[in-house]
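Down below is the structure, laid out as structure tokens.
The values are calculated or read from the model by the stated rules, or taken from the named source; none is laboratory data. Note that the structure is a prediction, hence the values are computed from the model and not measured. FYI the Cβ positions are ideal-geometry reconstructions off the backbone, even for glycines, and counts take in every protein chain you see.
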Amino acid sequence: MTTSRKVLLVLAACAALGAATPASADGRYYGHGRGHWHGHDREPVAYIAAPVYYGPPRVIYVEPQVVYLQPQAYYAPPPVAYVQPQAVYAPTPVYAAPLAGSVGGAIAGAVIGSRFGSGDGRIAATVIGTVLGSVIGGRM
């Protein structure tokens, strides 16, 4: 569509709308024989609320419902008594060193000490190795 055709269609629509507007309007000629009687000549009507009367309230008696429940038992905690504990003196325990470590260390020390020296020196080295092996093995 071209622009001039669009403008022409818009102008035609506006003209049709302008021509149809007076047909729906009545103006100020109410009741002049044209069939437009909308009740504009009636007297105004006032609506008043009707009075409300309240009678005495209606009383309904209903028998009470009886429900029997078992009494609940409440258990209280036992009474608590605080007593000073008696002092008990016992000898302190004596812990013995494990013998397996001492014996194993003594045997290992004797074997190692017998490898050193010759003659009486070998005997002295074995004794020293046994004592040192026993002390070191007892600590493990």
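Things to note:
- Search result, residues across segment 111-140 that are closer than 18 Å to Leu99 by Cα and of a type in the set (A, V, I, L, M): Val131, Leu132, Val135, Ile136, Met140
- Selection within segment 81-135 - of a type in the set (S, T, N, Q), in a loop (DSSP other than H, G, I, E, B) and surrounded by 10 or more Cβ atoms within 10 Å (Cβ to Cβ): Ser114
- Test for Gly138: is it in a helix (DSSP H, G or I) and modelled with pLDDT of 80 or more: no
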